[in-house]
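Down below is the structure, laid out as structure tokens.
Just so it is clear, none of the values below were taken in a lab; they were calculated from the coordinates. Here the structure is a predicted model, which means the values were calculated and not measured. No Cβ is skipped: glycine too gets one built from the backbone with ideal geometry, and neighbour counts run over all protein chains shown.
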Amino acid sequence: MNRIQMTQLRSIPRVLAVLVMSFQFILAQEGGGQLLGTVADASRAPVPRATVTIVHSARGVTRSTITDNYGSYVFAALPIGEY
């Protein structure tokens with residue numbers, strides 16, 4: 001191999017590292033946001049297995065989830081907008 005080929009081979013790991021880091025940055029920009037909270041009753045005790053539904057105001061799209069044993073819920077990767 002000549003000097004140019006060796007230089008090109010040595011630059012491949014650097015190029016791959018930049019591509020991997022760029023790909024992770026792009027994935028981080030996807031989604032928009034998340035909504036999380038806790039459902040509690042009047043005595044402030046958590047409500048497990050409660051259904052929580054949100055509606056995207058502009059699109060009219062609904063999403064539902066069920067709270068965990070601690071009354072917590074999470075809606076991840078939500079498009080930006082009012083709910």
Item to check | Search result, residues across the stretch 42-55 that are assigned to a loop (DSSP other than H, G, I, E, B) and touching a strand residue (DSSP E or B) at 6+ places or on another chain (Cβ under 8 Å) | outcome: VAL47, ARG49, ALA50
Checklist entry - So, in the stretch 56-67, of the ones that are part of a loop (DSSP other than H, G, I, E, B), under 19 Å from the mean Cα position of the chain (by Cα) and of a type outside the set (A, V, I, L, M, F, W, C), which residue ends up farthest from PRO46 (Cα to Cα)? => result HIS56
Checklist outcome for this item: Restricting attention to the stretch 68-83, the residues that are more than 18 Å from THR38 (Cα to Cα) and part of a loop (DSSP other than H, G, I, E, B) number exactly 4
